[in-house]
Amino acid sequence: MVNLRRLDLNLLVTLDVLLAELNVTRAAERLHISQPAVSVHLAKLRDLLDDPLLLPGPRGMRATARAAALREPLREALESLSRAVAPAAPFDPANAELTWRIAATDYTESTIVLPLLQRLLAQAPKTRLAVLDLEPSRLERQAERGAVDVIFHTTENAPQGLHRKALFTERYVLVGRRGHPKFRRRPTLRQFCELDHAIVSQDGGGFHASTDDALAALGMSRRVVFSVPHFLFLRSALANTDLVAMAPERLVRDDPALQIAPAPVDLPGFEISMYWHERVHRDPAHRWLRQSIVGVV
């Protein structure tokens, strides 16, 4: 067996041309190197393969049996290698057949994935999209293993070691059902505290959020009567009851069943970013997906 670590790829390129031309002078011209350099390569090949490879013939050189047997496999191997290292072809979304995997919360499903799905169905109709639950403790490993392609996460407490692109900054607004009897105009701070509030508690069952911290700093408190783990259920609950909530504006601004008012208490917003692993950073298909995501937000 030939030790591949000793094998210089340039020697195989030279052998491929020599077998095609059977002439050192013409081979040198095709390779753009000198005749002595071709002869040096041939000597190394003879030593490496333990065969003369090319012998003097009536009109130049003739291949040995070993060299003749090498010709087609060598040509195929070099062509395969050339294709492997060639620049990636431009991505054609209309004909691509692949599956995207995105990790998202119900909030980013509604604000990013849904408009993205509409674009994928129109521009990349042969692709498929899988939305996975966002599991913060596993995100970096999932991306490294290829289990997810793109992650949507707040910039705060985000997974480390991944590429990041900030998508938008969200703010909180006060929201309740359209026609709410106590919600016809912006409430005062006291009126705000007297309303029945709902919150999203992603860790499950909590009745305290950042709004309560802001109120406590002012020496006030509110009545939180309903706690849910998901934003989309919160939206349904608000539309069908007299509850109100501090909710991300993008989630509720286009819902005709809800109305929005500026809150009488200031809350810090949050930034949503897109994350992906180095393994797909330069992939044309993945780059197209990321550009599409930026386009829809």
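The values are calculated or read from the model by the stated rules, or taken from the named source; none is laboratory data. It should be emphasised that the depicted structure is a prediction, and the values quoted were computed from it without experimental measurement. FYI the Cβ positions are ideal-geometry reconstructions off the backbone, even for glycines, and counts take in every protein chain you see. Accessible surface is based on the protein model in full, side chains and every heavy atom, while ligands, DNA and RNA are left aside. Shrake-Rupley method; radii C 1.70, N 1.55, O 1.52, S 1.80 Å.
Screening 214, 261, 198, 257 for residues that are open to solvent by 30 Å² or more (accessible area, probe 1.4 Å) and in contact (Cβ under 8 Å) with a residue 40 or more places away in the chain leaves exactly one candidate, 257. Pairs are defined by a Cβ separation below 6 Å, a sequence spacing of at least 6 or placement on different chains, a first member in the range 123-139 that is of a type outside the set (Ser, Thr, Tyr), and a second member that is exposed (fewer than 13 other Cβ atoms within 10 Å of the Cβ) and not in a helix (DSSP H, G or I); the pairs so defined are 126/97; 128/99. Looking only at residues in the range 241-254 that are assigned to a helix (DSSP H, G or I) and of a type in the set (D, E, K, R), the one that is most open to solvent (accessible area, probe 1.4 Å) is 250. Scan the range 234-252 residue by residue and report those that are without any contact (Cβ under 8 Å) to a residue 12 or more places away in the chain and in contact with a strand residue (DSSP E or B) (Cβ under 9 Å, 6 or more places away or on another chain). Those that are without any contact (Cβ under 8 Å) to a residue 12 or more places away in the chain and in contact with a strand residue (DSSP E or B) (Cβ under 9 Å, 6 or more places away or on another chain): none in the range 234-252.
Which count do you get for residues in the range 201-211 that are among the polar types (S, T, N, Q) and open to solvent by less than 30 Å² (accessible area, probe 1.4 Å)? Here the count works out to 2. Cβ-Cβ distances below 9 Å connect the following pairs, each with a first residue in the range 98-110 that is more than 20 Å from residue 171 (Cβ to Cβ), a second residue that is open to solvent by less than 40 Å² (accessible area, probe 1.4 Å) and of a type in the set (S, T, N, Q), and a separation of six or more residues or different chains: 98/127; 99/127; 100/127; 101/142; 102/108; 103/142.
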